[in-house]
1. Report, ordered by the first and then the second residue, all pairs with beta carbons closer than 6 Å, sequence separation of six or more or different chains, a first member in the range 219-241 that is exposed (fewer than 12 other Cβ atoms within 10 Å of the Cβ), and a second member that is among the charged types (D, E, K, R).
2. Residue check: is LEU210 free of Cβ contacts under 8 Å to residues at least 40 places away in the same chain and over 21 Å from the mean Cα position of the chain (by Cα)?
3. Going through the range 222-241 one residue at a time, which ones are within 24 Å of LEU104 (Cβ to Cβ) and modelled with pLDDT of 90 or more?
4. Out of curiosity, is TYR281 modelled with pLDDT of 85 or more, in contact with a helix residue (DSSP H, G or I) (Cβ under 6 Å, 6 or more places away or on another chain) and not β-branched (Val, Ile, Thr)?
5. Of all residues in the range 173-182 being more than 13 Å from the chain's Cα centre (by Cα) and surrounded by 13 or more Cβ atoms within 10 Å (Cβ to Cβ), which is farthest from LEU241 (Cα to Cα)?
6. Name, by its number, the condition in (1) at pLDDT 90 or above; (2) surrounded by 11 or more Cβ atoms within 10 Å (Cβ to Cβ) that does not hold for ALA193.
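The values are calculated or read from the model by the stated rules, or taken from the named source; none is laboratory data. Being a predicted model, the structure only gives us computed values, none of them experimental. Heads up, the Cβs are rebuilt from the backbone with ideal geometry, glycines too, and the neighbour counts pull from every protein chain shown.
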Amino acid sequence: MKKLIFLIPLMLLFAMLSCREDIIVDLEEGSPLIGVEGSFTDELKQHEVILSYTADFYNSDEIKMITGAKVAVTDGVDTIPYWEQADRPGHYLTDSVAGRKNTLYRLLLDVPDEAETDGFVHLTAESYMNDNIEVIDSLVLKPFTLFSGLPMKDTIYAIYPYFQSLPDPSIVYLVRLFEDSICQSDTLTKVLAIPMAGYAGYYVNGPEFLLTNVEIAVGMVRSSELHDGEVFRLDLLSIPLDYMTFVYNLSMSMGSNPMMGPPTNVITNIQPSGSAVGWFYAASVASVEMIYSRP
């Protein structure tokens, strides 16, 4: 009897190894959702909202942009329209305009849909533009060593900002770093957020700050990539805490793979719930520039 029990696993293993039939897994895909990516800041510029449909698992490279939508943002008094760009379908821009700090902004979207009685799906999103620091005092580039004593082909330089943070612990500083006008955080999965809970009101990277926290770097660059006269610009966006949560959720998501977590698992502030994915945020911006001089 013991021999029979021993042989059964071997027979099963042989049967499994002998099976050569391909198995096709039919992954059920839901209806496409509306994707929203948009912002409104206190910078005097054209602000953008991008509209598209989500793609299914097998066609993730075929993104369908949404054209013919009506897009606007309002503070309850003034309503500012976004205009679709003729050469960039699905991209909507305002005229040059600046928002105001400490103001609630509401995004209004009418997306074409033949299934609706009036031909549109009506969507909204709200975001409060927090206060922000007035100035970033300086931006410093200095050598960074992660593993002390190990030989390195290039010296790695880290970029450190110095500024007086606001006392509000709910404010998060989102980093936008540029090298010679090229944004180094051009996607949501590359951005750095600096939550200030527990450190609000400190002078960031100052002596008291470093007593209880490590130095905060906003970027790194190899010495071989530096050139004399290179311009670094830092934008600090004062964003709501819920937008930081969205960014972190998105960076940890595995995209549209239903086995690992589809985009619908990531939070959204687009309403009504279940009709769209993405986020609309309002932010105040402080900026500083630094010109690198080779020693």
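1. Close Cβ pairs satisfying both conditions: SER224/ASP154; ASP228/ARG294.
2. Numbers: free of Cβ contacts under 8 Å to residues at least 40 places away in the same chain: yes; over 21 Å from the mean Cα position of the chain (by Cα): yes.
Here the answer is yes, as LEU210 does meet what is asked.
3. If the condition is that a residue be within 24 Å of LEU104 (Cβ to Cβ) and modelled with pLDDT of 90 or more, then ASP235, LEU236, LEU237, SER238, ILE239 are the ones that fit.
4. Spelling it out, TYR281 is indeed modelled with pLDDT of 85 or more, in contact with a helix residue (DSSP H, G or I) (Cβ under 6 Å, 6 or more places away or on another chain) and not β-branched (Val, Ile, Thr).
5. That would be GLU179.
6. (1) is the only condition that ALA193 fails.
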